[in-house]
Amino acid sequence: MKKTNPKKLEEFIRVDHAGERGAIKIYEGQLLALKTLCKDSNLQKTIEEMKIHEKEHCDFFEKEIKKRNIEPTKFLPLWDLIGVGLGFGSTIFGEKTAMLCTASVEEVIDTHYQNQIDQLCSDEKDLKEKIIKFRSDELYHKDIAYEKGATKDGIYGILDKIIKTGSKIAINISEKI
């Protein structure tokens, strides 16, 4: 039986924990904006539903971190702050921007999770199945975002690149530190 590289496995769990927690923080920022400045009950309901999936994902990785005695990224407090700020900031500019934020992050996560799925061996069958399921949830969120008006036209294309670059940087840092 081929075994998954233990160092890679630790990185996967650390970064996935940070990423799912970051997604929750983005949604918390969006919900804060929707409850205070930009009242939109339909968008609020959509985001609350997506946040439930992220909570399930985060809870799973929280348990894996503890079970496998893996230290979370030292950047969690910073990612929390940036996540809430990104969520709040994207939402005050309207539904298109809020949904672009979701679509952009989920597109990065799609590739990220697929890369992990490709590297996990048969010794990590349960983890691989969970990541496959979580990737499916993230793709569903991306589809919702485009249905709700996410676009990359004009200035939105620049914002998409900024969000994706930030997400990739956070992934690279969280894997290692």
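Read-outs throughout are calculated quantities, based only on the coordinates presented, and are distinct from any laboratory measurement. Keep in mind that what you see is a predicted model, and the values were worked out from it rather than measured. Using ideal geometry, Cβ is built from the backbone for each residue, glycine included, and neighbour counts are taken over all protein chains shown.
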- [ ] Assess whether Glu124 counts as being crowded, with 17+ Cβ neighbours inside 10 Å and among the charged types (D, E, K, R).
- [x] yes
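Okay, residues lined up against (1) touching a residue at least 12 places away in the same chain (Cβ under 8 Å); (2) within 18 Å of Arg135 (Cβ to Cβ):
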position: Ala18; (1), (2): yes, yes
position: Arg21; (1), (2): yes, yes
position: Ile26; (1), (2): yes, yes
position: Lys35; (1), (2): no, no
position: Cys38; (1), (2): yes, no
position: Ser41; (1), (2): no, no
position: Glu54; (1), (2): yes, yes
position: Ile65; (1), (2): yes, no
- [ ] Of all residues in the range 129-155, count the ones that are surrounded by fewer than 19 Cβ atoms within 10 Å (Cβ to Cβ) and either free of Cβ contacts under 8 Å to residues at least 24 places away in the same chain or farther than 13 Å from Tyr113 by Cα (or both).
- [x] 16
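Quick grid of which residues meet (1) crowded, with 16+ Cβ neighbours inside 10 Å; (2) more than 15 Å from Thr97 (Cα to Cα); (3) of a type in the set (A, V, I, L, M, F, W, C); (4) within 18 Å of the chain's Cα centre (by Cα):
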position: Lys2; (1), (2), (3), (4): no, yes, no, no
position: Ala18; (1), (2), (3), (4): yes, yes, yes, yes
position: Gly22; (1), (2), (3), (4): yes, yes, no, yes
position: Ile26; (1), (2), (3), (4): yes, no, yes, yes
position: Gly29; (1), (2), (3), (4): yes, no, no, yes
position: Thr46; (1), (2), (3), (4): yes, no, no, yes
position: His53; (1), (2), (3), (4): yes, yes, no, yes
Open item on the list: Which of the numbered conditions does Asn69 fail, given that it passes all the others? Conditions: (1) under 14 Å from the mean Cα position of the chain (by Cα); (2) on the phi > 0 side of the Ramachandran plot.
Closed with: (1)
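For the condition in contact (Cβ under 8 Å) with a residue 40 or more places away in the chain and assigned to a helix (DSSP H, G or I), what is the one hit in Asp160, Asp118, Asp110, Asp126?
On the way: Asp118 fails: in contact (Cβ under 8 Å) with a residue 40 or more places away in the chain; Asp110 fails: in contact (Cβ under 8 Å) with a residue 40 or more places away in the chain; Asp126 fails: in contact (Cβ under 8 Å) with a residue 40 or more places away in the chain.
The match here is Asp160.
Considering only the range 67-78, state which residues are touching a residue at least 24 places away in the same chain (Cβ under 8 Å) and not in a helix (DSSP H, G or I).
Of the residues in the range 67-78, the ones touching a residue at least 24 places away in the same chain (Cβ under 8 Å) are 68, 70-76.
Across the range 67-78, the qualifying residues are Arg68, Ile70, Glu71, Pro72, Thr73, Lys74, Phe75.
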